[in-house]
Amino acid sequence: MDERLIKSGDLPLRRRSLLPGTGFFYPDSLDEDHAEQRAREAIDGAEAVVVTDSDADGLGCIALIRELYDAALDVDPFLDEIEARLAVDEAAAVDEAGDDDAGADDDAGADDDAENADADDEPEPESPVALLASGPHSLTESLEYVAEYAAEGVDVFVCDIAPDDYEGIAAPLEAIVDRSNRVSWYDHHQWPDAVAEAVGEAGVDLVVGDSDAECSTDVALGSLDHEFDDRFVDLAEVTRDHDLWINDDPRSKDLADYAYWTSPEEYAAVVGAYGADLPAVVDDYIAHRRVEKEQLIELAVDRAAYKSVGPWTVGVTYGRCSQNEVADGLREGGADAAVIVKPSGSASIRGSEDFERAHLVARQVDGGGHPKAAGCKPEIYDDMMDYAAHWLSEGETAKRVILAAFERVAEEVDAPTEDADSDGG
């Protein structure tokens with residue numbers, strides 16, 4: 001297949017917003033082989049291994065842990081690389097302005113998935129504290145890598161991830177506990193009691209913070225036996241500001257965007273060195289990337305529809321975009337809850353003061369999360385024809401499935417009232 005067909009950098013912005021990034025089209029087998037190779041290289045000889053979510057909160061945890069072990073990477077090469085990326089993008093913009101037939105040279109700066117895939121192809125710097133970027137759906141795989149490749153006596157940390165059940169992680173987690181000096185798990189999501197109990201009984205030091213008051217970086221900061229500099233205390237506060245949707249500190253939006261747009265190693269190195277007060281070159285990079293981000297947000301908000309489900313108004317939209325800002329826009333349009341269906345097939349569900357059941361809706365559609373923020377990927381894609389229909393219809397089937405989940409949750413909310421009325425009769 002012509003590689004240009006899966007690279008979206010040359011497409012008009014609206015058309016690009018309807019399609020997934022380049023990384024979506026890579027076969028899982030290639031991704032898995034690559035992930036295992038990179039994990040083995042990172043883990044080999046490591047003093048400690050951190051399996052963490054790759055958002056700002058999860059990566060804030062590894063910045064703290066590397067500080068604890070005096071294992072932070074030198075930040076200067078990363079800053080030089082950012083300057084080089086900006087220079088390339090500026091040169092491409094000049095060329096495009098001077099040539100009506102010219103397009104972007106590649107997807108850098110335009111396609112998040114492609115840029116992250118390119119970053120992953122570069123040789124990673126090495127730290128004695130290995131970083132394995134993971135998530136709820138890849139947690140078992142990440143733990144299996146640690147169980148297979150980590151040395152005897154290694155320290156292991158899992159951060160900012162909550163497993164859906166214990167059975168899926170039991171074998172690798174118990175193998176890790178058997179060979180490790182220390183296994184600690186820091187999180188702030190809502191855990192089923194049975195899963196938390198099983199993880200603790202396996203020998204893990206599990207600390208789950210209050211999801212309404214703490215982010216995982218807060219939990220790690222309070223749990224690690226170390227006197228951290230003020231920049232790390234500030235980093236935790238600013239990370240919490242975004243992760244708990246407080247949004248009082250403008251720096252928190254910068255952290256969230258930067259973590260999304262760059263590699264996990266770069267983010268961890270930069271915030272480890274600077275905390276939440278990012279250096280000027282990073283500010284320039286964020287501003288550069290944010291121009292297109294705002295355009296994609298506007299497109300997603302403009303194509304939204306509003307549906308009445310039970311007592312709630314649900315804003316539903318589709319597109320490659322930043323879900324939190326789109327959700328803000330839908331709330332401004334009168335939505336109690338927001339659903340943002342992505343071209344990749346997944347969806348983000350965001351709540352408000354009037355809707356704190358996002359996690360209950362997500363659980364109905366193979367997902368989970370927080371009361372005000374959750375994610376899912378409906379099991380509706382059997383082949384590429386289903387994805388083609390998904391892109392052409394702007395996620396119509398996924399929208400229907402998720403709205404049906406809202407309806408079921410609404411019925412559950414009404415049920416106690418009906419029971420009470422029945423009892424009173």
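Among the aliphatic types (A, V, I, L, M), buried (at least 21 other Cβ atoms within 10 Å of the Cβ) and under 22 Å from Ser8 (Cβ atoms): does that describe Ala327? Against the criterion (among the aliphatic types (A, V, I, L, M), buried (at least 21 other Cβ atoms within 10 Å of the Cβ) and under 22 Å from Ser8 (Cβ atoms)), Ala327 does not qualify. Among the residues of this structure, Ala335 does not count as one that is surrounded by fewer than 22 Cβ atoms within 10 Å (Cβ to Cβ) and either under 30 Å from Leu59 (Cα atoms) or without any contact (Cβ under 8 Å) to a residue 60 or more places away in the chain (or both). Identification of helices (runs of 4 or more DSSP H) wholly contained in region 333-424 with 2 or more residues that are under 18 Å from Gly310 (Cα atoms) and touching a Cys at 6+ places or on another chain (Cβ under 9 Å) yields 358-363, 396-424. Return the residues of region 218-230 that are in a loop (DSSP other than H, G, I, E, B) and within 24 Å of the chain's Cα centre (by Cα); say none if nothing qualifies. Within region 218-230, just Leu224 meets the criteria.
The residue that is surrounded by the fewest Cβ atoms within 10 Å (Cβ to Cβ), counting only those in region 233-271 that are over 15 Å from Gly58 (Cβ atoms) and among the aromatic types (Phe, Trp, Tyr), is Trp245. Out of all the residues in region 362-421, which are of a type outside the set (Gly, Ala, Ser), in contact (Cβ under 8 Å) with a residue 24 or more places away in the chain, over 22 Å from Phe24 (Cβ atoms) and out of contact with any Asp or Glu (no Cβ under 8 Å at 6 or more places or on another chain)? Scanning region 362-421 gives Gln364, His370, Leu403, Phe406, Glu407, Arg408, Val409, Glu411, Glu412, Val413, Asp414.
Lys377 fulfils the conditions (1) closer than 15 Å to Val413 by Cβ; (2) under 22 Å from the mean Cα position of the chain (by Cα) except for a single criterion, (1). Among the conditions (1) in contact with a Ser or Thr (Cβ under 6 Å, 6 or more places away or on another chain); (2) buried (at least 17 other Cβ atoms within 10 Å of the Cβ), Asp205 misses just one, which is (2).
No other residue among Val199, Val233 is farther than 29 Å from Ala151 by Cα, within 25 Å of the chain's Cα centre (by Cα), not assigned by TED's automatic domain parsing to the domain that holds His359 and not polar (S, T, N, Q) apart from Val233. Figure legend. Inter-residue proximity from region 1-23: first residues under 19 Å from Arg290 (Cα atoms) and modelled with pLDDT under 75, second residues part of a helix (DSSP H, G or I) and small (Gly, Ala, Ser), beta-carbon distance below 9 Å, spacing 6+ or different chains. Indicated pairs: Ser8/Ala114; Gly9/Ala114.
Scanning region 10-24 for residues that are assigned to a helix (DSSP H, G or I), within 20 Å of the chain's Cα centre (by Cα) and not polar (S, T, N, Q) turns up at least one hit. Of the residues examined, Gly351 is one that is modelled with pLDDT of 95 or more and touching a Pro at 6+ places or on another chain (Cβ under 7 Å).
The values are calculated or read from the model by the stated rules, or taken from the named source; none is laboratory data. Small disclaimer: the values here were computed from a predicted structure and weren't measured. Glycine also receives a Cβ, built like all others from the backbone with ideal geometry; neighbour counts cover every protein chain displayed.
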